[in-house]
Structure formats: structure tokens, C-alpha cells
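So the structure is just underneath, and the comments pick up after that.
Since every read-out is calculated from the coordinates, none of them should be taken as a lab result. A quick note: this is a predicted structure, and the numbers were derived from the prediction, not measured. Backbone-built Cβ (ideal geometry, glycine too); neighbour counts: all protein chains shown.
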Amino acid sequence: MEPMTNDSQERAVKDVLTGALAAALKLAPHELDPELSFLEMGASSLVLVDTFRQLHERFNVRVSVRRVFEEFGTIELLSRH
């Protein structure tokens, strides 16, 4: 298996993040605007904790909810980080 490029890794993170968040919010993934803040989408900190748990399971990265609210408040920003 070939290593992922930065672009493919960003896309994979964005897809997992969008899918998990959409499922938690009971929306279709295409209904989420990747540039809208998590709060504007209606995502509570509890929803985000569960979503970030899924990111950890898939990519072995830890995401701080506090840091997301302060620095990476959208799907687009977080997937680039």
C-alpha cells in the first residue's frame, strides 16, 4: 500500500469528519458546509467528542475540543490541520 499524499490524507480526514458529524447530526454529508463553524452546524461539544473519537480510531490522532473551538472551528480548517 502506498503512503498517502498530503492531499489524499486531507481528503480522507475531511470525508471521515464529514461522515461522522453528519451521522451525529442526522444529516446527509452533502448537507454540511465545510466552511461553516461546528457551532453553526449545531454540533455540541458532546457530538464533537464522539466525532473526534472516530478520527482517533481511524487516523490515530487526538483532537482537543477546546483547541477546535479556538483554532480549527470548521471541517475545512480541521482537515487541513
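Worth a mention:
- Loop trypsin sites (Lys or Arg not before Pro), the stretch 1-75, which have at most 10 other Cβ atoms in a 10 Å radius of their Cβ (DSSP): Lys26, Arg62
- Computed 3J(HN,Hα) for the stretch 65-78, one whole-Hz value per residue from the Karplus formula 6.51 cos²θ - 1.76 cosθ + 1.60 where θ = phi - 60°, is 4, 4, 5, 4, 4, 7, 10, 10, x, 9, 4, 4, 5, 5, glycine and proline marked x.
- Against the chain, whose longest principal axis is taken from its Cα atoms, helix 45-59 shows a tilt of about 10°.
- Net charge dipole, the chain: roughly 320 debye, given to the nearest 20, about the Cα centre with Cβ charges of +1 for Lys and Arg and -1 for Asp and Glu.
- A DSSP coil position with no more than 12 other Cβ atoms inside 10 Å describes none of the chymotrypsin sites (Phe, Trp or Tyr not before Pro) in the chain.
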